Amino acid sequence: MAEPKIPQDMQEVKDQVILMNARGFEVSEDDVIREALKAGFQAIVNDRMDGNYDTVRWDDEFKGLQIVGIDDSLEGEIQPTDDEPSFIEQFKEDANKVWFKLDNAAASIIGR
């Protein structure tokens, strides 16, 4: 089975919310964005690592995205700066900017 497509922008998020709600899954735009950012950051990390070695997860407050090693050690983390809104709010305003930020974070954390 093919992996579900990761929404890249707000139109794709809105489409996925409509589709999932029609299938009986109650989800909000924030739910879809939260999962898209996690899955998208995971895909970026996997691409930079040439495989699936580390796992991406949200921190306990859903503020920062963490890269965790096989032994559950924290390899690195990206969080919005104090003067920035959450990644979810940033995605709503400019999804491409968030993807670029996540790609840069993965590069600096992984080193490639």
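Which of the residues spanning the stretch 84-112 are at pLDDT 95 or above and of a type in the set (D, E, K, R)?
Listed by number, the residues that qualify are GLU84, GLU89, LYS92, GLU93, ASP94, LYS97, LYS101, ASP103.
Given the chain, what helices (runs of 4 or more DSSP H) lie entirely inside it while holding 2 or more residues that are open to solvent by 90 Å² or more (accessible area, probe 1.4 Å) and of a type in the set (Asp, Glu)?
In the chain, the matching helices (runs of 4 or more DSSP H) lie at 29-49.
The values are calculated or read from the model by the stated rules, or taken from the named source; none is laboratory data. Only a predicted model underlies this, so the values are computations on that prediction, with no experimental measurement involved. When the accessible area is computed, the model is the full protein with side chains, heavy atoms only, and any ligands, DNA or RNA have been set aside. Shrake-Rupley method; radii C 1.70, N 1.55, O 1.52, S 1.80 Å.
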